[in-house]
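Visitor: Please see the structure below; I have some questions.
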Amino acid sequence: MKSRLRWLLPVVALLIVVGIGAKWLKGRKVADGTPAAAAAAASAAVPTLELAAQDLLTVQPQRLTRGLEVSGSLKAVSSAFVKARVGSEIKRLDVREGDSVRPGQVLGELDATEFEWRLRQAEQQAAAARAQLEIAQRQLTNNKALVAQGFISPTALETSISSQAGAQATLMAAQAGVELARKSRGDALLIAPIGGLVAQRLAQPGERVAVDTRILEIVDLSRLELEAAIAPQDLGSLKIGAQARLTLDGSSAAVPATVVRINPSAQAGSRTVTAYLAVAGQPSLRNGLFARGWIDLDQRTVLTLPLSAVRTDQAQPYAIRISDGRSELRPLTLGARGQAGGVAAVEILQGLAEGDRVLAASAGLVPGGVRLKLPSATAGQPAAPAPPAASGRPAAAVSPGSAPGTAPSAAPFNASAASAAG
């Protein structure tokens, strides 16, 4: 055992010395290499981000429209419910949802048998009261003659006058009963109070309905309004007559609107104030559709950037600027928000200058110092406006061994591309 340790220890020491020497020779060889080779090796270790045309934006002055974002449901200015004015069974309904009706048109009828008999009863009671009045009038005439001849006392004449007046009042009451019964019979008809379209049919023939039961709903789509909730801090800038653009769910077409009224009272819970935007009737508009819009307040030309290109994942908003072919994080001081070119934009007060190229939202979150490979379409000439980026486009690939591209001028700010990127 001792003899084995004697020759094993020198071997281990020799291996350690050989390893140290090999490491020293390798470090010396790298140190003796050319600076170009060392720079190439360091450059190869830096990743490169390949950009598409829609990933580039150029900061430039634009006309910024400051305004308010609003949303709400469209509501017909004129709408009405056809209700049962008497309690009875529905005999017929002549219209259904979507049918056009005119003011005063008969839309259905309730069973009027009971009201026919009540009208007949009232007419008979009126005839009986008329007969009693005729008797009282003849009696009064005879008594007047008898008093003149001295056959009866003036007291009997006064009694006849009172009887005639009572009979007259009874007749008038009976005639009023006839008119009430006639009205009840007329109320059995369901008549359209306004013109428009039938929106709901809330009851069916054969059902017995009580008084004031809703049977049909009619809406007039020729005049529509959007009820928008306005925050208290925005009320000072909102004026009657301000123009707005609305977009309905499922449609990209802009619908013009105008602020026509502002409610003088605030809502009890939210403390917001309702503004009413008049919308001209169009075939595609329907009562109850949800709409989003933008009310224009003022316009001015300032240095802007699409709101989607402003990064907010740090304590201070910033943009990713292209500087010498690499990404640079530039802190921003922002101003008023609004719309420029149809997309949400923000005024840039500090942090960027006119002509700076920045990365759009479609490029994703890029750290500072990353090499950027610009699209070849931008080399030597300004690129044409890029088409909108497709939804769900994968982030640009990072290839660690790619060579850096030249630094051509970026494509001008394209509103549609920026909007799709956002």
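Values quoted throughout were computed directly from the atomic coordinates according to the rules given, and no laboratory measurement underlies them. From a predicted model like this one, the values you see are computed outputs, not experimental measurements. With ideal geometry, Cβ positions are generated from the backbone for all residues, glycine too; neighbour counts draw on all protein chains shown.
Visitor: Once label points are set 7 Å from the Cα along Cα→Cβ at both Arg130 and Asp94, what is their separation, rounded to one decimal in nm?
Guide: Result: 3.2 nm between the two label points.
Visitor: For the pair Val106 and Arg208, how long in nm is the line joining their label points, each one 7 Å along Cα→Cβ?
Guide: 2.5 nm
Visitor: Of Gln60, Ala127, Leu49, which is farthest along the charge dipole of the range 43-127 in the positive direction, counting Lys and Arg as +1 and Asp and Glu as -1 at C-beta?
Guide: Comparing the listed Cα positions along the dipole, Ala127 ranks first.
Visitor: Continuing with this model, one more query. So how much slack lies between Thr141 and Glu354, counting 0.36 nm per residue of separation and subtracting their Cα-Cα distance, in nm?
Guide: So the chain would gain 65.7 nm between Thr141 and Glu354.
Visitor: Something else now. Going 7 Å from the Cα of Lys239 toward and past its Cβ, which residues in the range 63-96 have a backbone nitrogen under 16 Å from where you end up?
Guide: Counting only backbone N, you get 66-68.
Visitor: At 7 Å along Cα-to-Cβ for each site, give me the label-to-label distance between Ala173 and Glu158 in nm.
Guide: Label-label distance for Ala173 and Glu158, simple model: 2.4 nm.
Visitor: Here's a follow-up. So between Ala148 and Gln299, what do we pick up on full extension, going 0.36 nm a residue minus the alpha carbon distance?
Guide: Contour length minus the Cα-Cα distance gives 44.6 nm.
Visitor: Moving on to the next point. Find which of Phe115, Gln168, Leu190 sits farthest along the positive direction of the dipole of the range 100-234, computed with +1 on the beta-carbon of Lys and Arg, -1 on that of Asp and Glu, about the Cα centre.
Guide: Of the candidates, Gln168 comes out farthest on the positive side.
Visitor: Further question: With the Cα gyration tensor of the range 103-217 in hand, give its eigenvalues times 5 under a square root as the equivalent ellipsoid semi-axes, listed largest first in whole angstrom.
Guide: So the three semi-axes of the range 103-217 are 51, 12, 9 Å.
Visitor: Could you calculate the contour length gain from Ser251 to Glu50, that is, 0.36 nm times the residue separation minus the distance between their Cα atoms, to one decimal place in nm?
Guide: Contour length minus the Cα-Cα distance gives 68.9 nm.
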